[in-house]
Amino acid sequence: MQQKSGELSISTYHRGLIEVTENISSWLTKSEISEGVLTIFIQHSSASLIIQENADPDVQLDLQDFYSNAAPDNPALYRHTSEGPDDMPSHIRSSLTDVSLTIPVLGGRMRLGTWQGIYIFEHRTSPHTRRLALNVMGE
Amino acid sequence: MQQKSGELSISTYHRGLIEVTENISSWLTKSEISEGVLTIFIQHSSASLIIQENADPDVQLDLQDFYSNAAPDNPALYRHTSEGPDDMPSHIRSSLTDVSLTIPVLGGRMRLGTWQGIYIFEHRTSPHTRRLALNVMGE
Amino acid sequence: MQQKSGELSISTYHRGLIEVTENISSWLTKSEISEGVLTIFIQHSSASLIIQENADPDVQLDLQDFYSNAAPDNPALYRHTSEGPDDMPSHIRSSLTDVSLTIPVLGGRMRLGTWQGIYIFEHRTSPHTRRLALNVMGE
């Protein structure tokens, strides 16, 4: 049994889902671990992780609409407004989705379903650099 | 340290929670790993995982009601309607619950609380076969 | 590769977020594992785990408000009322947040972002003792 630790930095340009499946898949290939578990952890609380269908782009737009309605950019709803009208909604939307993901690995590949893609869900409206802490453990 | 990889296929018949605690517990017993971490990953984005109280069946019905109201089967709300009125709500409900679970193992058993059960949360209205990718690592 | 299993018991006094970052960090230091993955699992379904900003305390109050509105303490909404008006909302709020977290470890420390803290989210109104099952694996 062995492990590899790493990090990915991803630039986001606006609110929305940014697919990172290929970035993570390339990193995993370099680790040379063929069977085990991959852990992905996002080091932020105003962006999050989500695994969703990567076939129809409308799914991503509908997801954004849902979360925009669930936690609207309305400062009247929140105490925490000092970082902008989109910051507190970003924390709420992050708490509803994922900060960490664990994905089993076999044959050197993540065991994702046919239509599953891994996304950073950027909740802020302005560009950010988002860091993912990675670990793969196995053999 | 060693590991075992596996897969479970579970048939679902309609929308709702299907308990899989026993299925996973049996698989874990066969792995002969007594201390470590079990990873459960669902290879779909219109069904999800959830750990909840397994004592009062009303809890599961109330959970279903909550998610039905949060993301209703109303095509007027969504762009993505080509796979049926229940597909986009299924993606949203999946994103609100879990795609992966990690459960510590000790004495050959999952360290679940007294009232905790593991469930597949089927969000589609028609029957499906759902695949869970499993890994247990430890000694 | 080695591992350590453990448990933390945390007293909660009322509904709200209780930071446990230091409790978990101390436990991790004693494990003497410097690189690997930490798993945290809460053995309850009416309290949950959440990683959020630990800078402005208003963020925590706004999070509580959001979840209180999302799943209100209104018995007319639920079948499961035998354990009190706050029990079913607690199950729903737990299902929307996290039962397990996996955090990569490097240099003997959790790879949390600058502003990230780990919290137990107590959803019940009365005091409880909450148990966290822990495992760290690595070297």
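The values are calculated or read from the model by the stated rules, or taken from the named source; none is laboratory data. As the structure is a computational prediction, the values presented were derived from the model and not from experiment. Heads up, the Cβs are rebuilt from the backbone with ideal geometry, glycines too, and the neighbour counts pull from every protein chain shown.
Name every residue in the range A:39-75 that is touching a strand residue (DSSP E or B) at 6+ places or on another chain (Cβ under 6 Å) and among the aliphatic types (A, V, I, L, M), in order of residue number. Hits for the range A:39-75 are A:ILE40, A:ILE42, A:ALA47, A:LEU49, A:ILE50, A:ILE51, A:VAL59. With respect to the conditions (1) within 13 Å of another protein chain (Cβ to nearest Cβ); (2) assigned to a loop (DSSP other than H, G, I, E, B); (3) out of contact with any Leu (no Cβ under 9 Å at 6 or more places or on another chain), A:HIS14 falls short on a single one, namely (1). If you filter the range B:45-57 down to residues that are at pLDDT 95 or above and in contact with a Phe, Trp or Tyr (Cβ under 8 Å, 6 or more places away or on another chain), you find that the one that is nearest to B:ILE118 (Cα to Cα) is B:ILE51.
Only one of C:GLY117, C:GLY113, C:GLY108 is free of Cβ contacts under 8 Å to residues at least 12 places away in the same chain and either touching a Gly at 6+ places or on another chain (Cβ under 7 Å) or small (Gly, Ala, Ser) (or both); which?
C:GLY113
Of the residues making up the range C:53-60, none is over 28 Å from A:MET88 (Cβ atoms), touching a residue at least 24 places away in the same chain (Cβ under 8 Å) and more than 17 Å from the chain's Cα centre (by Cα).
For the residues A:THR129, A:THR97, A:THR125, the requirement of being of a type in the set (Ser, Thr, Tyr), closer than 12 Å to A:ILE50 by Cα and in contact (Cβ under 8 Å) with a residue 40 or more places away in the chain singles out A:THR97. C:GLY138 falls short of the stated requirement of being in contact with a His (Cβ under 8 Å, 6 or more places away or on another chain) and either modelled with pLDDT under 95 or farther than 26 Å from A:PHE66 by Cα (or both).
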